[in-house]
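Structure first, commentary second.
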Amino acid sequence: MSRTITVGLDGSPESRAAAQWAAREAGLRGLPVKLVHAWEPIPEHLADATHRGTETLQHWTERIPREAAEDLRRRHPGVEVTTEQLSGPAAEALTRVAKDAELLVLGSRGLGGLGGFVVGSIGFAVVAHTERPVVLVRAREEADSARETDETRPVVLGLDVGRPDEALIGFAFDAAARRKVPLKVVHGWNPPPYYAYGMALEPAVEREMAKGDALMVTEVLRSWRQKFPDVEVVEHSRYGSPSTLLLDASKDASLVVVGRRIRRSSVGAHIGPVTHAVLHHATAPVAVVAHD
């Protein structure tokens, strides 16, 4: 069965922007788009007392994916669009449907200024529990797309050279290749822990550390450059916080790609501090790729 680009809809501007992003991505990948909407029915013991309200709610929930599908078909005539109504808590339903998706796309709400963006409890729950890539899209993305600003913007990859993962790196290279844009690989490094306890980092030592980390980035990417010879790769290895460097790079990015380590234990899911910061504050769509 062919995978789909699946979108979680709730009728908000953010979810409509996510649908538009998904349709463009589906066009790049030659895949269909599936629009899904999850709603929790009113309990039976309350249904009689709120019969009219129940009918209105059901009509509204059916209208959301239908109207969104009509809009996508009009704007993206070459993309197949289907809809699906899901019942139950949204986070559980979206996590379940993500298993059969190539990508799951959700909206994130912008606060503006320095406030960043809100992923929300549903978005975080889905990101933390699904093992498929999840993309978070801002509402402004829909307006940005009308100006076709993504045509030359690079894809940005957050790379941990200590634990590089092929699924994460491959996703980023593939995204850049499909968009025909450069791939900017960002790696932030810090000196050993003992420098934090009063030892100054001498310029010569910093230069040697920087050189060593840059060489590690180059080595990690060597085989990927060979697999994707048409992708221009820009290596950005700098001293400093990885999340700060990624957020700065996101300002000119078409997509930011970060990872989430899969944790199969009783302590629950984990997103990680860098991915957490990028999800909240990046000024571009963010793809979270789960990996071992």
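Read-outs: derived from the displayed coordinates by stated rules, not from any lab. Because the structure is predicted, anything quoted here is derived from the model rather than measured. Counting neighbours? That spans all protein chains shown, and the Cβs are built from the backbone with ideal geometry, glycine included.
Taking amide hydrogens as modeled 1.01 Å from N in the peptide plane, which residues meet the under 5 Å criterion relative to Lys184, leaving out close sequence neighbours?
Close amide H contacts, sequence-distant or interchain: Val155, Val156, Leu157, Val234.
Using 0.36 nm per residue, how much length does the chain from Ser12 to His270 gain when fully extended, once their Cα-Cα distance is taken away? All intermediate terms of the calculation are to be shown ahead of the outcome.
Details: separation 258, 0.36 × 258 = 92.88 nm, distance 2.71 nm.
Extra length from Ser12 to His270 when fully extended: 90.2 nm.
Counting only residues 5 or more places away or on other chains, whose amide H sits under 5 Å from the amide H of Gly88 once H atoms are built in the peptide plane?
Sorted by chain and number, the residues that satisfy this are Trp39, Glu40.
Amide H neighbours of Gly259 under 5 Å, at least 5 residues apart or on other chains, H built in the peptide plane: list them.
Here the answer is Val289, since their amide H atoms fall under 5 Å of that of Gly259.
Give me the number: length gained by fully extending Arg238 to Arg75, i.e. 0.36 nm times residue separation minus the C-alpha to C-alpha distance, one decimal in nm.
Values: separation 163, 0.36 × 163 = 58.68 nm, distance 4.12 nm.
Difference between extended and current length: 54.6 nm.
Run the simple label-point estimate for Thr218 and Glu84 please: 7 Å along Cα→C-beta, distance reported in nm.
It works out to 4.7 nm between the two label points.
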